[in-house]
Amino acid sequence: MLTLAQILEDNTDSLTPDAAYIRHAADCSGYFRRLLASDSLLLPDLMQSLHQPFLEQAMRGFLQEQTITDEPALKRALRKLRQRVMLRVIARDLNGLADLQEVMQSMSVLAGVAVQFALQHLTPWLEASYGSAIGEGGGRQELLVVGMGKLGGGELNVSSDIDLIFAYEEDGDTDGKKSLSNHDFFIRLAKKLIAAIDEVTEDGFVFRVDMRLRPYGSEGPLACSFAMLEEYYQTQGREWERYAWIKGRVIAGEGDNLAQLLRPFVFRKYLDYGAFESMRDLKIKIHDDVNRKGMQDNIKLGRGGIREIEFIAQVFQLIRGGQDISLQIRPTLSVLPLLQAKQLIPEASVYELSSAYIFLRNLEHRLQYVEDAQTQELPTTDEAKARIALSMNYADWSALRAVLDQYRTRVEQHFSEVFSEPEKSETAHDIAKPVWQGSVDQQEAASYLQTLGYSQAEETLRRLQSQRDSSKYRQLPDLSRQRFDTLMPLLITLAAQEPQPEITLMRVSDLLDSICRRASYLALLAEYPDALNLVIKLASASPWLMQYLAQHPILLDELLDTRNLYAEPDFDAMREELNRRLHDVAGDTERLMDVMRHFKHAAVFRFAAQEIAGELPLVKLSDYLSALADLILQATIDTLWPTLRAKHREVPQFAVIGYGKLGGKELGYASDLDIIFLYDDDAPEAGEVYARLGQRINNWLSSLTGAGYLYETDMRLRPDGASGLLVSTVAAFREYQQNKAWVWEHQALTRARFCAGDAAIGAAFEQVRVDVMRQPRDAVKLREEVIHMRKKMHDGHANNSALFDLKHDSGGIVDVEFIVQYLVLLHAVDHVELTQNLGNIALLNILGELGLIDDNKAEAVAMAYRDFRHLQHAIRLQGEGKARVPFADIQVQIDAVQDLWNEVFKA
C-alpha cells in the first residue's frame, strides 16, 4: 500500500482511483492532510473503508473495542473515533461518494453515539461515589440529553458545535453514603459529560459544546428538572426559544415525557400567525449583528443564507404545527416538500430553496474541511478561494461566486415574499387612525366618516368609543391591543365600501371583539390585509357566517388561499386528507375529535364563501353538505370501530341510514342529522357490539369539545322511535316496516338513503324501502292518515305572527312534502320510478309527466318549493331563527301549493 507521502508527492496520473481520492481530499483540506500524517494507522483504515458510509453500528463497534478504565481513556476513545469519522466523511464527500444527507447523518450519529457512550461510563463512575439519583416518586432518575439545532434535526455540519440541554424528570436525592441532591448530582454529571466531549486534548476534541440554549442561558443551572423546565417555558419562554425547540430531540435517555411536556410551548394549540412578526424581528436582530460585525459574506447568517431558508421552513411549523402534527418534523429538507404538498409554498419555490440549501450546506462543509474550523465565512485570499473552488468542482472562484450569488439572491427573494410586512394603506392609517383612537374632536371625526359613506356617523362614533372604552379592549395584552389598533382603521375604511357600512363595521368589530384574546388571529388579519377585506365582504353578506367565524376562528386560515377557498370540492381528495390527519393523531381521542370537527367546519365555511360569492347554487350546496355528512359518518365509523374492545370482526357489518334533509340531500348549514343504524351479522354478540358502536357514533357526532360539535343527531325515526333499540337488524327493520310502522314512518321512508358503512346493508335497506313504498294502499285511509299527521304538525308549530312561516304554515314547504309523499305512497305500486329518492322537485315533475296530477300545477308547485327553500336559506344566512316573510311577497306561491293540496286531498 502506498504511504501518505507517496500519494501526496505523485504528480503523475498513475495513482489508483482510491489514492487519487485521498490526494484530492488532501489538496482541499489541510486538516485532512495533517490528521492522516499524525497516525500511520489512519490511512490504511481509510483506504479499506472508503467506499462505505460510517454507520452507527460501526461507530459503536469501534468504541466497544477500546479499553475504557477512566476518564482520560474515555476521552481518547471518543476522539479517535471522531478522527476516523471525519477522515471518511471528508474523503467521501469531496470525491462525490457521499451526498449531503450522508454527511449530516454521519456527524449527527457520531454526536449521539459519543454522548451516549460517555454517559454509559460516566454515570456509574459518579454513582460509585454518591449512589443513584432517586426521584420523589421513588424511581431511579437518569440524565436526559437534548440535542438542539442541527444536531436535533439530524443536520449537523462537519465542524459544528453541538447545542445541548440537560434535564432530569424528578428532584430528590442520591441513595449513596455521600448523598447529593439530584440537582447537584446531575450538574456534576453534566460537567463531566461536557469535558468528555468538548475538552481539547492531545487527540483533539469530539464536539464543541454550547449550553446557551438552556433556560436562563449561560446564567441558568446546567441541568433542570422537568418541573423547572415547565415553569420556565410557561412563564418566561421567548419566541426564539420556540424556534429553537422545533428541532429539539432527546439523544440520550427516555424522552417521551419531556416531548409531551414541551410540545404545547413549541406548537401552539391555535394557528399562530404571530410567528411571522416574531421571526421577522429575530431576522432583523441577526441582520443588524451581521452588519455590525462585517459578516456579509457569512453564508449562514448573511443575506440569502442558510438561516433564511430555515426560517422559511420553520415559520410554517410554528404557525400550523399545533394543528397539523405532520409538520412537527425536524430536517429542513423534509419540511420544505411537505409545505409544498400542503400548498403553503409553491413547487418552484421549494425546488429553488432546497437546491440552494444543498449548495450552501455543501459549501459550508468545504469551508470547514480546510482547517476543521467552525466557520461559514467566504475566503478572502486567492489561494483559499482557489482551494474552495476546487473542492466545489468549479473551474475558478469567479465561476463559483456567480452561482453562489444566484442562489443567495433567490433565497433572499423567497424570504422577502414570506416575511415581507403587509403593505400599509396611507388612507387607513393616517386618516382613520385618529378616528379610532379618539384623538380628533367629534365633529371632525363624524365629518370624516360621512365622507367615507357612513350615513349614521355619530352613532358609529359612539359605538367605536364604547368599544375602545370596554374592559375587554383595555385588558388586552400590549401586543394584542397593538394589533387591534392596526386593524380597526383598516376596518373603518374598508367597511365603508360595502352597501351597509354601519352594519358591516358592527359585524366585523364584533368578530374582532370575540377573537381578540387570541392574539394569533389578530396577527393573521394584520399580516394579510386581503384576508381582512374578504372577512368584511362576507360580513356584509351574512351575519350568520360571522357568528360561525367567531365560534371557529381557526377558519380565518381558509381565507389565505382563495384558489382553495373557491375551488369545487373533490370529495375523494377530501376523504384522503381527513384520513391522513386522523392517522397523524391516532390514539388521541380528544385530538381525533377536534381534527374531524376542524375539517368539517372548514369545508362548511368554504361552501358558504362560495355561495355568498354567487358561485354555488342552493341545490348544489345541499348536495355538497350532504356528501360532507356522508364522508364524516364514514370516517366516524372507521375511527371508532377499531377502538371497540369487544369487536368480533375486522370490518363491521353495519350501516348508517339517513332520513329527512340528510336522506333527501337537502341539508342546510346548521341541519341536524336524522339517522338510524342497521346491521346484518349473525354473531351472538353482534347486537351488543353494534349497539355500543351506535352509541359511540351518536356521542362522537354530538359531543361538544373545544372545537365545537359535528352534528346534532335525531334517532327517533328508528323502529319504535325513542323507546326502540338503538340498532336493528335488516330483517327486524323489514318486519317492522311491513307490519308495524305508521304511515308517517312510510312517508319518512320516501326520502331515506344509505349514507355510510357496509354497502351491502345499504342495498338491502334500499330493497326494503322500495318494497314498502310499493305496497298496495287504500287511498281513503292513506289520505286520512296523511291529513291527520299534517294537522298534528301544524298545531305543533302555531304561528301567531302576521308573517308567513315558510316551512310550517298552510301552503308552505311541509305541505309540498306531504303532497309528494302521499302521491308516491299511493301510486308507487304502479309506477316504480316514484320510488327513486330524487327530491321533491324531480318527483313533482315525474308525477306531472305521468298524469297523476296536473302538469302545470306540478310545475307551479315545484317553482314555489324552490322559491321557499331559497328564501328560507337566505333568511338563515342572516342569522334569523324562524324563516317568516310577509304574505304579500309570496302569495302566488302559497296559492299554487294550496290549490294542488285541495286537488290532491279533496274528499
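No lab work stands behind these numbers, since they all come straight from the coordinates. Here the structure is a predicted model, which means the values were calculated and not measured. Cβ coordinates were reconstructed from backbone atoms using ideal geometry, including for glycine residues, and neighbour counts include every protein chain displayed.
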How far apart, in nm, are the 7 Å Cα→Cβ label points at GLU347 and LYS791?
6.8 nm
If you project the alpha carbons of region 460-566 onto their three principal axes, what span does each projection cover, largest first, in Å?
38, 29, 22
Shape call for region 312-421 from the C-alpha gyration tensor, a ≥ b ≥ c root eigenvalues: rounded (a/c under 1.5), prolate (a/b greater than b/c) or oblate?
prolate
Rounded to the nearest 10, the angle in degrees between the Cα long axis of helix 442-452 and the longest principal axis of the Cα atoms of the chain comes to 80 degrees
Assuming R0 = 56 Å, what is the FRET efficiency of SER181 and ALA722, from their Cβ-Cβ distance, to the nearest 0.05?
0.35
Counting only Cα atoms, I'd like the Rg/Rh figure for region 351-496, Kirkwood definition for Rh.
1.37
Ranked output for segments 650-656, 610-616 by mean other Cβ atoms within 10 Å, highest leading, reads 650-656, 610-616
So between GLN836 and ASP99, what do we pick up on full extension, going 0.36 nm a residue minus the alpha carbon distance?
259.0 nm
Local net charge near GLN442, Cβ-Cβ under 11 Å (Lys/Arg +1, Asp/Glu -1):
-2
DSSP beta bridge pairing in region 594-773, given as percent antiparallel to the nearest 5
70 percent
Where Lys and Arg each count +1 and Asp and Glu each count -1, what net charge lies around LEU271 among other residues with Cβ under 10 Å from its Cβ?
+1
Set of lysines with alpha-carbon distance to LYS857 below 18 Å, sequence-local pairs under 8 removed
LYS906
FRET efficiency for ASP469 and GLU903 from the Cβ-Cβ distance with R0 = 60 Å, rounded to 0.05, comes out at 0.40
Honestly region 512-639 on the Cα gyration tensor test (a ≥ b ≥ c root eigenvalues; a/c under 1.5 rounded, otherwise a/b vs b/c for prolate or oblate) is just oblate
Roughly what would the spin-label model give for THR381 and LEU479, points 7 Å off Cα along C-beta, in nm?
4.7 nm
In Å, the Kirkwood hydrodynamic radius of region 594-773 over pairs of distinct alpha carbons?
16.9 Å
In Å, the Kirkwood hydrodynamic radius of region 223-349 over pairs of distinct alpha carbons?
15.9 Å
Measuring from the longest principal axis of the C-alpha atoms of the chain, the long axis of helix 457-469 (C-alpha) lies at a number of degrees, nearest 10, equal to 50 degrees
Of the listed values (1) 1.64; (2) 1.14; (3) 1.22, identify the label whose number matches Cα Rg over 2.2 N^0.38 Å calculated from this model.
(3)
Between ASP396 and ASP45, what is 0.36 nm times their sequence separation minus the Cα-Cα distance? Round to one decimal in nm.
123.1 nm
If one compares the long axis through the Cα atoms of helix 730-739 with the longest principal axis of the Cα atoms of the chain, the angle in degrees, nearest 10, works out at 10 degrees
Determine the alpha carbon to alpha carbon distance for each of LYS80/LYS178; LYS75/LYS300; LYS247/LYS285; LYS342/LYS620; LYS285/LYS342; LYS661/LYS807 and list only those over 23 Å.
LYS80/LYS178; LYS75/LYS300; LYS342/LYS620; LYS285/LYS342
Net charge (Lys, Arg +1; Asp, Glu -1) of residues whose beta-carbon lies under 9 Å from that of ALA707, ALA707 excluded, is 0
Quick one: if the Förster radius is 56 Å, what FRET efficiency do GLN120 and GLN406 give, using the C-beta to C-beta distance and rounding to 0.05?
0.70
How far is it, in nm, from the label point at PHE571 to the one at ALA550 when both lie 7 Å from their Cα along the line to the Cβ?
3.3 nm
Which residues does a label at ALA646 reach in region 713-738, if reach means a backbone N under 15 Å from a point 7 Å past the Cα toward the Cβ?
726-728
Place the peptides 889-901, 228-240 in order of packing, highest mean first, counting for every residue the other Cβ atoms within 10 Å and averaging per peptide.
889-901, 228-240
Computed lengthening from THR451 to MET863, 0.36 nm per intervening residue step minus Cα-Cα distance
143.9 nm
Can you tell me which aspartates and glutamates have their Cα less than 20 Å from the Cα of LYS472? Leave out same-chain residues fewer than eight positions away.
ASP485, ASP510, ASP513
As a footprinting exposure proxy, order PHE226, PHE117 by other Cβ within 10 Å, with the fewest listed first.
PHE226, PHE117
Mind checking which aspartates and glutamates have their Cα closer than 16 Å to the Cα of LYS385? Skip sequence neighbours fewer than 8 apart in that chain.
ASP27, ASP297, GLU364, GLU371, GLU377, ASP396, ASP405
Helix-only CD estimate at 222 nm, as mean residue ellipticity for the chain, using -39500 (n - 2.57) per DSSP H run (n ≥ 4)
-19000 deg cm²/dmol
